[in-house]
1. Can you spot a residue in segment 13-25 that is touching a Gly at 6+ places or on another chain (Cβ under 7 Å) and either modelled with pLDDT under 90 or among the hydroxyl-bearing types (Ser, Thr, Tyr) (or both)?
2. Please name all residue pairs, on different chains or six or more residues apart, with Cβ atoms under 9 Å, provided the first residue is in segment 63-83 and is in contact (Cβ under 8 Å) with a residue 60 or more places away in the chain and within 22 Å of Arg143 (Cβ to Cβ) and the second residue is in a helix (DSSP H, G or I) and basic (Lys, Arg).
3. Looking only at segment 80-103, which residues are hydroxyl-bearing (Ser, Thr, Tyr) and within 18 Å of the chain's Cα centre (by Cα)?
4. All but one of (1) out of contact with any Cys (no Cβ under 8 Å at 6 or more places or on another chain); (2) under 22 Å from Thr203 (Cα atoms); (3) buried (at least 17 other Cβ atoms within 10 Å of the Cβ) hold for Thr85, so report the exception by its number.
5. For segment 172-240, list the helices (runs of 4 or more DSSP H) that sit wholly inside it and hold at least 3 residues that are more than 26 Å from Trp142 (Cβ to Cβ) and either small (Gly, Ala, Ser) or without any contact (Cβ under 8 Å) to a residue 24 or more places away in the chain (or both); which are they?
Amino acid sequence: MDVIIKLNNQTAGRDKLVRLLQYASKLTWHVMQEKQISRHTIDRLKSLEYTFSSFRKLLRLGRFLDMLYGTLSTVHYPDLTIRITCTLSRIANALFLLADHILWIGRTGLVNVNSTKWDKLANKYWLYSITMNLVRDVYEIWRILEREGHRINYDGFRRTCPANGSGKKNIPITLKAMTFVQDHKDVVVDTLKNACDLLIPLTGLGYVKLSPGSIGLLGVISSVAAIVSLIDPHARLSPA
């Protein structure tokens, strides 16, 4: 309960909680549709998903300017790769939010908006932003591996690992992976979130074809990863 209250006190936290509910609704109605369970319930869940989507658009209203202003904090970052990827990601995300604002205005009925056109444009900017984030994630992983000499030391496991012919200790790959996740939780969580998110705009743009249930599952996983990064400082990649 403390975690939920903490998230609810943040605009970003409320957005991630509602996003989780939005994609969970999509996953649920698709599973029910596949099993042909209660058409009335399926329609209600679809309506609930649409409501959550509209609410998130309202929560993000004005974030376009915040995101654009946020580029000032990364445009002078010392590391060139992080500077370029983070700055371009924020600019693309700002343009995505601008398109999202226009879509919300169209949903309110205040003005006529070509929803198909702006939805496609929003997906393009979102895809570009996620791609830049993934490039940065790959760069962070490469830096970690380079810094640690393409291996991770496992002092705690050396005594339990058998030695090979050269007298060196063989460390199971599963232990390597577990230790990497524990030591670099921020990079792992961010990579998982972006990898799941990547397929959502790709599907929206027609580059790949995933079912609504698959999109719902990917959205749930990426939402949980985003929530983890909000509540656990060690799982938050900086600069974001």
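The values are calculated or read from the model by the stated rules, or taken from the named source; none is laboratory data. None of these values were measured; they are calculated from a predicted model. Don't worry about glycine lacking a Cβ; one is built from the backbone with ideal geometry, like all the others, and counts go over all protein chains shown.
1. Yes; the residues of segment 13-25 include at least one that is touching a Gly at 6+ places or on another chain (Cβ under 7 Å) and either modelled with pLDDT under 90 or among the hydroxyl-bearing types (Ser, Thr, Tyr) (or both).
2. Partner pairs satisfying both residue conditions: Ser73/Arg90; Thr74/Arg83; Thr74/Arg90; Tyr77/Arg83; Ile82/Arg136.
3. Step one: filter segment 80-103 for residues hydroxyl-bearing (Ser, Thr, Tyr), giving 81, 85, 87, 89.
Result: Thr85, Thr87, Ser89.
4. (2)
5. Because the criterion is at least 3 residues that are more than 26 Å from Trp142 (Cβ to Cβ) and either small (Gly, Ala, Ser) or without any contact (Cβ under 8 Å) to a residue 24 or more places away in the chain (or both), the helices (runs of 4 or more DSSP H) in segment 172-240 that meet it are 212-231.
Okay, residues lined up against (1) at pLDDT 90 or above; (2) surrounded by fewer than 18 Cβ atoms within 10 Å (Cβ to Cβ); (3) among the basic types (Lys, Arg):
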{"residue": "Gly70", "(1), (2), (3)": "no, no, no"}
{"residue": "Leu95", "(1), (2), (3)": "yes, no, no"}
{"residue": "Trp126", "(1), (2), (3)": "yes, no, no"}
{"residue": "Trp142", "(1), (2), (3)": "yes, yes, no"}
{"residue": "Arg151", "(1), (2), (3)": "no, yes, yes"}
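Residue by residue, here is whether (1) more than 18 Å from Ser222 (Cβ to Cβ); (2) in a helix (DSSP H, G or I); (3) under 22 Å from the mean Cα position of the chain (by Cα) holds:
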residue: Lys16; (1), (2), (3): no, yes, yes
residue: Gln22; (1), (2), (3): no, yes, yes
residue: His30; (1), (2), (3): no, yes, yes
residue: Gln33; (1), (2), (3): yes, yes, no
residue: Asp43; (1), (2), (3): yes, yes, no
residue: Thr51; (1), (2), (3): yes, yes, yes
residue: Leu58; (1), (2), (3): yes, yes, yes
residue: Asp66; (1), (2), (3): yes, yes, yes
residue: Pro78; (1), (2), (3): yes, no, no
